[in-house]
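Input: a single structure, listed below in structure tokens.
A short reminder: the numbers here are calculations on the coordinates, not readings from a lab. Quantities reported herein were computed from a predicted structural model and do not represent experimental measurements. Methodologically, a virtual Cβ is constructed for each residue, glycine included, from the backbone with ideal geometry; neighbour enumeration extends over all protein chains shown.
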Amino acid sequence: MSEHRARIAWKSAGDFAKGKYSREHSWTFDGGLTVLASSSPAAVPIPYSNPAGVDPEEAFVASLSSCHMLTFLFVAYRGGFAVEAYEDDAVGMLTKNEKGVPWVSKVILRPAVTYAGDKRPTAAEEQSLHHAAHEQCFISNSVKTEIVVEAPTNPSG
């Protein structure tokens, strides 16, 4: 169907042989945007990680949230609802699996949607929109992580 590319680049800085090297690197996307990336300071202490960079775990959470939002906007549009704004304070939980290996086991999406126009969804309709968005999201369909959508029960105006 389609390909999606990212270029990841890292250069040695520090004492690699002793494990005291920078984890800072870059992500360059096909549109030309380059993003500073690093391991999480929760996994690798500063100064070997850079908290200003996006870590893979944050990117994973953002990817799930962004995909849900984009799919939600499409589903809402198809349902005749005008969305004025959408915000999500998503959070991912890193836990250990049955083998003791850390993984992002759960991502909670907390979307807050503001609607425009006269047609506003009921709480049940908004829950249905979020359910449809989750079911149709390319990224959520690609992972085994539990994804929970905690949308408010009353749509905001």
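Across the options Gly79, Thr114, Gly32, the greatest Cα extent toward the positive end of the charge dipole of the chain (unit charges at beta carbon of Lys, Arg, Asp, Glu) belongs to Gly32.
Each Lys and Arg adds +1 at its Cβ and each Asp and Glu adds -1 at its Cβ; summed about the Cα centre, the chain shows a dipole of about 580 debye.
Per-residue extension of 0.36 nm, minus the Cα-Cα distance of Glu84 and Ser142, leaves a gain of 18.0 nm for this segment.
Dividing the summed helix terms, -39500 (n - 2.57) for each DSSP H run of n ≥ 4, by the number of residues in the chain produces a 222 nm estimate of -8000 deg cm²/dmol to the nearest 500. Axis angle, to the nearest 10 degrees, between helix 56-78 and the longest C-alpha principal axis of the chain: 20 degrees.
Among Leu73, Leu33, Leu94, determine the one that fluctuates most according to a GNM of the chain built with springs between C-alpha atoms less than 10 Å apart. Maximum fluctuation in the GNM of the chain, among the listed residues, is at Leu33. For the chain: lysine pairs with Cα atoms under 22 Å, gap of 8 or more or different chains, count? For the chain, qualifying lysine pairs total 5. Relative to the first principal axis of the alpha-carbon coordinates of the chain, what is the inclination of helix 123-136, with its axis defined by its Cα atoms, in degrees from 0 to 90 and to the nearest 10? Approximately 40 degrees, to the nearest 10.
In the chain, taking the dipole from charged Cβ atoms about the Cα centre, the farthest positive-side position among Ala59, Pro45, Ile139 is held by Pro45. Taken about its Cα centre, segment 1-48 carries a charge dipole of about 180 debye when Lys and Arg each add +1 at the Cβ and Asp and Glu each add -1 at the Cβ. Give me the mean projected area, in nm² to one decimal, of the convex hull enclosing the Cα positions of segment 1-122. Across all orientations, segment 1-122 yields a mean hull projection of 11.4 nm². Using only alpha carbons, segment 1-53 has a radius of gyration to Kirkwood radius ratio (Rg to Rh) of 1.08. Taking 0.36 nm per intervening residue step and subtracting the Cα-Cα distance, what contour gain separates Thr34 from Ala123 on full extension? Gain on extension, Thr34 to Ala123, equals 28.1 nm.
Compute the relative contact order of segment 1-53 as a whole-number percentage, counting only Cα pairs closer than 8 Å that sit 6 or more residues apart in sequence. About 29 percent, as a whole number. Looking at the chain alone, DSSP beta bridges between its own residues are antiparallel in about 80 percent of cases. GNM on the chain, alpha-carbon springs under 10 angstrom: the most fluctuating residue among Gly79, Gly32, Gly92 is Gly32.
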